[in-house]
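Structure record follows, encoded as structure tokens.
The values are calculated or read from the model by the stated rules, or taken from the named source; none is laboratory data. Treat the numbers as computed from the prediction; the structure is a model and nothing was measured. Note that we place each Cβ from the backbone using ideal geometry, even for glycine, and neighbour counts take in every protein chain shown.
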Amino acid sequence: MQKIVNVLAIASSVVSLAVVGSGLYVFVNRASIVDGVKSQVMEAVVGALPSVVGGAIPDVTGPALPSKPSPSAGLGIPK
């Protein structure tokens, strides 16, 4: 019975060390991991962009807002 308990204690220690070691690895290398994920996301977005837009991105677009009507135009009611 003592041998089984010892094996379980060793296995538990190995698992605990693996969790702590992987957590430490992620903590130390978090900047490079984040940069890698950002580059993969940007590649995916840029790769999907032409199919979303229709194959070509326009060089010039229209105004962001419609032009303001002149004050003499009224409320759209004919005079």
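Things worth noting here:
- Restricting the first member to the range 2-23 and to residues that are at positive phi, and the second to residues that are at pLDDT 95 or above and of a type outside the set (A, V, I, L, M), no beta-carbon pair is closer than 7 Å while six or more apart or on different chains.
- Among the residues of the range 38-59, those that are exposed (fewer than 10 other Cβ atoms within 10 Å of the Cβ) and at pLDDT 75 or above comprise 46, 47.
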